[in-house]
Amino acid sequence: MDSQTVLLVFIAVGLDGLAGLAGGVLSERWLQRHLPALVAFAAGTLLAAVFLEVLPEAVAALGDAAFTWALGSFVILALLEWALGHHHHHVEAAAGHVHSHGAPTLPAALLASDALHNVGDGAAVAAAFLVSPNAGFATAFAVIVHELPQEVGDYALLRAAGWSRVRSLVALGGVQLTAVAGAAAVLLGTRHLPSLQGTVLAIAGGSFLYIGAVDLLPELRRGLDSRKRVGGFLCGLLLITGLHFAERILGVHG
């Protein structure tokens, strides 16, 4: 593990943290225009990253056991979301207001769920960069893109619960620090236990699959702007797919 890899990991985690504050920064007009397509774009990037980068690298490290870890993380994440108060990580901007879909969620449960999620994100980004820069960039990009609609939804839920703008942003900013803890744990852990890297990637693959397929992908069928949603989804797929095959071509001819 070199210093450049560590630097890339924490730059990516830092950008992910900035995305976590997007709910209080972006205008409702911008959200109304772009958020449906962005949610679909996030679904595309996550699913492409899972099948082209994250799971293949996990299988290369662990063999078929990677699928067991991925399934376990998929199921556990579903159970955790239900236990902590299931909420969808998306919002819809309509009539000049931001609305969050799903049942009301207590702020403490919401932040606890977000913290667990961010630990996994940070760990996944770190593990992917340890595999290769391309896997790291693809995973980090997918994490950052899906963080935006997720955190906008969380911000809307906190405001709906009566929290002030400042209090909501401070709470979400504090929760983002758990991604740093996840990344640091993987960087330190793999120094003493190299096999941990493949396990973390397998777990990340299962959780990304859950978020992309269960939380985000169903949004392609909602609303009147289906063309934007489908277009955003395809753009997300094509971007990660392009990065994947560009690395393969450069690896062959470079």
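The values are calculated or read from the model by the stated rules, or taken from the named source; none is laboratory data. Keep in mind the model is a prediction, meaning the values are calculated, not measured. Glycine gets a Cβ as well: all are built from the backbone with ideal geometry, and neighbour counts include every protein chain shown.
Before moving on, here are some points about what is shown:
- Given (1) within 22 Å of P133 (Cβ to Cβ); (2) assigned to a helix (DSSP H, G or I); (3) modelled with pLDDT under 85, number of the condition P194 does not satisfy: (2)
- Taking region 173-214 as the range and being more than 13 Å from the chain's Cα centre (by Cα) and among the polar types (S, T, N, Q) as the test, the residues that pass are T178, T190, S195, Q197, T199.
- S73 modelled with pLDDT of 85 or more and under 28 Å from R221 (Cα atoms): yes
- Odd one out for A161, checked against (1) touching a residue at least 40 places away in the same chain (Cβ under 8 Å); (2) surrounded by fewer than 17 Cβ atoms within 10 Å (Cβ to Cβ); (3) under 18 Å from the mean Cα position of the chain (by Cα): (3)
- Filtering region 88-145 to residues that are over 23 Å from A184 (Cβ atoms) and either modelled with pLDDT of 85 or more or of a type in the set (S, T, Y) (or both) leaves S100, T105.
Residue-wise test of (1) part of a helix (DSSP H, G or I); (2) in contact with a Ser or Thr (Cβ under 7 Å, 6 or more places away or on another chain); (3) not aliphatic (A, V, I, L, M).
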site: R167; (1), (2), (3): yes, no, yes
site: A179; (1), (2), (3): yes, no, no
site: G182; (1), (2), (3): yes, no, yes
site: I203; (1), (2), (3): yes, yes, no
site: S207; (1), (2), (3): yes, yes, yes
site: Y210; (1), (2), (3): yes, no, yes
site: V214; (1), (2), (3): yes, no, no
